[in-house]
1. Go through segment B:505-530 and report how many residues are at pLDDT below 80 and under 25 Å from the mean Cα position of the chain (by Cα).
2. Select from segment A:61-103 the residues that are of a type in the set (K, R) and out of contact with any Ser or Thr (no Cβ under 6 Å at 6 or more places or on another chain) and write down the one among them that is surrounded by the fewest Cβ atoms within 10 Å (Cβ to Cβ).
3. Can you name the residue in segment B:459-474 that is assigned to a loop (DSSP other than H, G, I, E, B) and not β-branched (V, I, T) and, of all such residues, is surrounded by the most Cβ atoms within 10 Å (Cβ to Cβ)?
4. What pairs come up if the first residue lies in segment B:97-114 and is in contact (Cβ under 8 Å) with a residue 60 or more places away in the chain, the second is part of a helix (DSSP H, G or I) and buried (at least 24 other Cβ atoms within 10 Å of the Cβ), and their beta carbons are under 6 Å apart, counting only those six or more places apart or on different chains?
5. Does B:S445 meet the test of being surrounded by fewer than 23 Cβ atoms within 10 Å (Cβ to Cβ), closer than 23 Å to B:C105 by Cα and of a type in the set (G, A, S)?
6. Which numbered condition in (1) in contact (Cβ under 8 Å) with a residue 60 or more places away in the chain; (2) out of contact with any Asp or Glu (no Cβ under 6 Å at 6 or more places or on another chain); (3) farther than 22 Å from B:H199 by Cα is the only one that B:T381 fails?
7. Those residues that are outside any strand (DSSP E or B) and within 17 Å of B:A274 (Cβ to Cβ), I need them from segment B:434-458; list them, please.
8. Residues in segment B:451-471: is at least one more than 14 Å from chain A (Cβ to nearest Cβ) and of a type in the set (A, V, I, L, M)?
Amino acid sequence: MVWVGKRRLGLIVNPIAGIGGRVGLKGSDGEDVQRKALEFGALPQSLNRAIQALERMKSIRGEIEIITYPSEMGEDAAVACGFDPIVIGSIQKGKTTSEDTKNAAKEMSSLGVDLLLFAGGDGTARDVYDAVGRAMLVLGIPAGVKMHSAVFAVNPGSAGELAASFLRGIVNSERDAEVMDVDEESLRKGFVSAKLYGFLRIPYQERLVQGAKIPSSAGDKESMNAIACEIVDGMRDDCLYIIGPGTTTRAIMSKLGLSKTLAGVDVVLGRSLVGKDANEAQILKLLEKRSAKIIVTPIGGQGYIFGRGNQQISPEVIKKVGKENIIVVATPEKINSLRGRPFLVDTGDQEVDRMLSGYIRVVSGFNEQIIYKVSH
Amino acid sequence: MKDITEERYVDGKPKLRRFHQARWDEPIIFELSNEGERGILVPEVEEELKGSVGDVLSRIPGKMLRKKRPELPELSQPRVLRHYVRLSQETLGTDLNIDVGQGTCTMKYSPKVNEQIARMPQVAEIHPLQDEETVQGILEIMYKFEQILKEISGMDRFSLQPGGGSAAIYANASIIRAYHESRGEADQRDEIITTIFSHPSNAACARTAGFKVITLYPNEDGYPDIQALSAAVSERTAGLMITNPEDTGIFNPKIEEFVDIVHEAGGLCAYDQANANGILGITRARDAGFDLCQFNLHKTFSAPHGCGGPAAGAIGVADELGKFLPVPVIEFDGSKYRLNYDRPESIGKIRSFYGVVPVVLKAYAWVMSLGAEGLKEVAETAVLNNNYVLKKLLEVPGVSAPYAKGKRRIEQVRYSWEKLAVDTGVHSEEIGLRAADFGVHYWTSHHPWIVPEPCTIEPTESYSKSELDEYVQIIRNVSDEAYKNPELVKTAPHNSTIHRIDHAPLDDPSQWAVTWRAYRKKVKRDKAGE
């Protein structure tokens, strides 16, 4: 099928996303939990959330086409907002699974939609990632219980606005955003086990100000480049650099002409790669011979600098390297997105967490640093 | 006869005006050019004169001569006049609107009589290269104004040379460097500490002067924790460059502790007083321990701001830093004023000659018209006006004043429309565009937007209660509209010439054309423009 003319928006609503939240179940993964949630009288949040987002897109109704899955997986939300969506695929009403999300995302990708808007939580983001990876632009409407991933807009309204701006061509930047995998089973048992699952491509609106004293700040990309210059400028050839996951640290590796394992830890010595996607044991082995520095950037929208997505840099690694050899890098934009909330550490070792807490220097640009608080 | 006040006020509050701005869709003056049209016909040079002067062009070096005539627009005088009058009608200038919406800029009334004084031939026709014997009057005024600023700030020495606020801050950063150089510590001390809500020129000028910049973020009270500062200071600290009150309007009550910590680490402390409007006659930089400070004469001291006229900065320093001030300094030996250039440790010149004389004169006239008590009253009135507007605006749905909840502010407030944006999808910038429909200016805030959906309102002392009520009424009305009919606000302006601007090219130099020639080259691909 080929459409000509109108911009196309793919829409997926995960009907059971967020169902576990209101009843205190820390998530909605697993059929048992979903059943339990319904027994507790939970109401799905995702339909309302999707409607809130689409409400903000009404003004461009004539300019776009929505391609979606049947009934509760998107059609209902689109129709409720007065859209006349093109419905593809088929589902078993009331019994949708993560396979439906993956199939929907794949089909929409093959149809070449301009943007895929999905309502859900971290689990939905992972399904979308599994289905399409970085092949298409996506954006999350926050509707889940856990939203550790950075692919979500701050609220449903902003998701709709950003999608509309993107489809109208007003916004045309994009960036890689983290998809996190926080294991619910462990979460329910009282501890957090978070992995960096991968990166999805999202549209990105650089925040600009009205023609005023300062026309605009450098975008996130320029900031990352400036950070990379600062870090690479100060690198010593005899020092090991343990470089955590993320796009900011990727910029450092690019400056060195090295490729970065986006969701993993790489180790550099003398500007060459000595450890690719290294695990804790490999890092500890490398540490036997040399002094080292750790370079990390806060992960996702939560501000974790240790313990989320970079567990390879374990308490033992941190102790061995020493607090004074930890370099935190973050663009001002990323710091501002925390809205004053501190950076967080959760290494699993309370002593290390305490050691890391307090105020630290953050490299935020070339010759620029920010003093920022770390809590545990 | 009708009581006209009933038509203009409801419950003692001004009603919204019916306003519609002139909309001319006026072309750029180059587009109006008509080949051969002239504004002035310069008479031919008489033969006799030609004979005695000779060929003047032959004396100009060949490489400096134009190959062809400058491509200036060709227009008659009345067309030029109409062009600029039309443009002037399409602005919301400070003489036209209740100009409290350009917070941080201290938009106060610039008395017209001071303009007249500055334009008197005795002032306007003097030349900076005249012998100092022949400009004793203006040197006296500058010298006396320095004495006034010393009293206001508590500092020991002043220079009025900087051509603006940032030039003054840059001069102060250079003095900090010169101080550490004089002690052999310049290489080691390469870090300047500032705060995210300080006047952004502090970070920018420190960087320009070659320093690294360390920025502190605020806690919930709106100013940084002492521990944050302690984490920032070290043997590398060159100094602290800070604003107080910051752009949020919040005064850091621990400022003396801040100064002590930086001094203890061996750094100097520079107080950015670009906006001193809320503290004139109330607090003094030197009393809080600062070593340097600066004033923007075009802000606090009433000389016109922005496009209204040139700027001028004044820097003040403690005695031991006096030797680093820019040259020349004005000295008085009891009978004569003179310009002293013989100062080996000076940072040199920050600007040509000895300062922006007309602006200094206007600032001097303003201070002399008020006296010490008057200056204090300026601050008190500005603070009162601001807190009145704060109280009234916080009653408007969708707006808040982040940090220091429930506390008063000094002379301005950085508000947030975050709730309104979440509730309605209307953003701060759009509120400003709608406000223009009612004939008032409204600015969001400096980048970066630490406060989401920000706007900064600074009422100064120049506006009456009824004008402030009118401004608040306009903002309240726009908020109501956002909740009832967001599209109306999102598609604004409807009655004003200000248009929605596509911001994207601001970040893309390939799309900039700041001159007509650049426009022709880039957009028209016109080789003739080269």
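The values are calculated or read from the model by the stated rules, or taken from the named source; none is laboratory data. Since the structure is predicted, the reported quantities are computational estimates derived from the model, not experimental observations. Note that each Cβ is placed from the backbone with ideal geometry, even for glycine, and that neighbours are counted across all protein chains shown.
1. Qualifying residue count for the region: 3.
2. Here the answer is A:K95.
3. B:P459
4. Partner pairs satisfying both residue conditions: B:I98/B:Y471; B:V100/B:Y471; B:N114/B:K362.
5. Answer is no for this residue.
6. Checking B:T381 against (1) in contact (Cβ under 8 Å) with a residue 60 or more places away in the chain; (2) out of contact with any Asp or Glu (no Cβ under 6 Å at 6 or more places or on another chain); (3) farther than 22 Å from B:H199 by Cα, the one that fails is (2).
7. Answer for segment B:434-458, where residues must be outside any strand (DSSP E or B) and within 17 Å of B:A274 (Cβ to Cβ): B:W443, B:S445, B:H446, B:E458.
8. Yes, segment B:451-471 contains at least one residue that is more than 14 Å from chain A (Cβ to nearest Cβ) and of a type in the set (A, V, I, L, M).
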